[in-house]
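Accompanying notes for the structure given below.
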Amino acid sequence: MTLSFSFFFTSIMLGVGLAMDAFSVSLANGLNEPCMKTPRMGLMAGIFAAFQFAMPMIGWVCVSTIADYFKAFEKFIPWIALALLGYIGGKMLYEGIKGCDECECKESVALGALMVQGIATSIDALSVGFTIAHYNLAEALLSCLLIGVVTFFICFAGLAIGKKAGTKLAGKAGILGGCILIFIGLEIFITSWF
C-alpha cells in the first residue's frame, strides 16, 4: 500500500471515531477539575493519546501473531470498559454528592485513575488492529501515530471545554462528570451487543 490521501484520511477519521470516548472522559475530567493548569491538561491528553496509539498497534501485532487468542478476548472488552468507567464514575459521583468545597481546586484524578481511564476508553481500539492488518509495520505505526495525534487534540479540547463548564457549575461538576463516565461505560457495553 502506498501512502495516499486515502491512507491519511482513513487514519485521521479512525482517530476521530476512536477519540470520542476519550473526549467525553476528558470533558468529565475538566468538569471535575476546573482549576487544571495547561501542563496537566497536556499530560492528561497525552495519556489518552498514548493509549489510543498503543491499542491499535497491539491489535495489529495480535492479528499478525496471535489472532485466535485475541478474538476470544474481544468479547470481554465491553465488560472491562463498563467495570473500569463505572468504578471511576461511581467514585466521582460519590465524592460529588458527599461534597468537597474546600478541595475544589486540587487534582481530582490521580495518575493511576487516569491510566485506568486511558485503558477503558481505548480498549475497543484493539479491534482497529483488524482493520489495519494489511498494513506493513511502517504503515501501521504511522496510522496509529495519526490516531494518537488526533486523540491528543480532541482530548485537550474536551478538557478545556469541561474546565470552562466546571468553573461555572462549581460543586456539581463532579456529579455530572461521574454520570458522564458511567454513561460512557454503559454506552460501550450496550452498543457492543448491536
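The values are calculated or read from the model by the stated rules, or taken from the named source; none is laboratory data. Keep in mind it's a predicted model, so treat the numbers as computed, not measured. Here the Cβ positions follow ideal geometry from the backbone for every residue, glycine too, while neighbour counts run over all protein chains shown.
Please determine, by comparing only the residues of the stretch 128-167 that are of a type in the set (S, T, N, Q) and buried (at least 17 other Cβ atoms within 10 Å of the Cβ), which one is nearest to Gly90 (Cα to Cα).
It comes out as Thr151.
Go over the candidates Met44, Met13 one by one and state the one that is under 13 Å from Thr151 (Cβ atoms), free of Cβ contacts under 8 Å to residues at least 24 places away in the same chain and among the hydrophobic types (A, V, I, L, M, F, W, C).
Sole residue among the options that is under 13 Å from Thr151 (Cβ atoms), free of Cβ contacts under 8 Å to residues at least 24 places away in the same chain and among the hydrophobic types (A, V, I, L, M, F, W, C): Met13.
Just one of (1) part of a helix (DSSP H, G or I); (2) closer than 22 Å to Phe130 by Cβ trips up Leu3, so point out which.
If we test Leu3 against (1) part of a helix (DSSP H, G or I); (2) closer than 22 Å to Phe130 by Cβ, just (1) comes out false.
For the stretch 49-64, which positions are over 16 Å from Ala138 (Cα atoms) and small (Gly, Ala, Ser)?
Of everything in the stretch 49-64, those that are over 16 Å from Ala138 (Cα atoms) and small (Gly, Ala, Ser) turn out to be Ala49, Ala50.
Residues of the stretch 12-52 being more than 13 Å from Cys155 (Cα to Cα), in contact with a helix residue (DSSP H, G or I) (Cβ under 7 Å, 6 or more places away or on another chain) and surrounded by fewer than 24 Cβ atoms within 10 Å (Cβ to Cβ), which ones?
Matches in the stretch 12-52: Ile12, Leu14, Pro34, Met36.
Which of the helices (runs of 4 or more DSSP H) contained wholly in the stretch 100-194 include at least 1 residues that are modelled with pLDDT under 80?
Once the helices (runs of 4 or more DSSP H) in the stretch 100-194 are filtered for at least 1 residues that are modelled with pLDDT under 80, what remains is 128-131, 137-169, 173-191.
When the residues of the stretch 8-50 are narrowed to those that are part of a helix (DSSP H, G or I) and of a type in the set (D, E, K, R), which ends up farthest from Ile123 (Cα to Cα)?
Looking at the filtered set, the residue picked out is Arg40.
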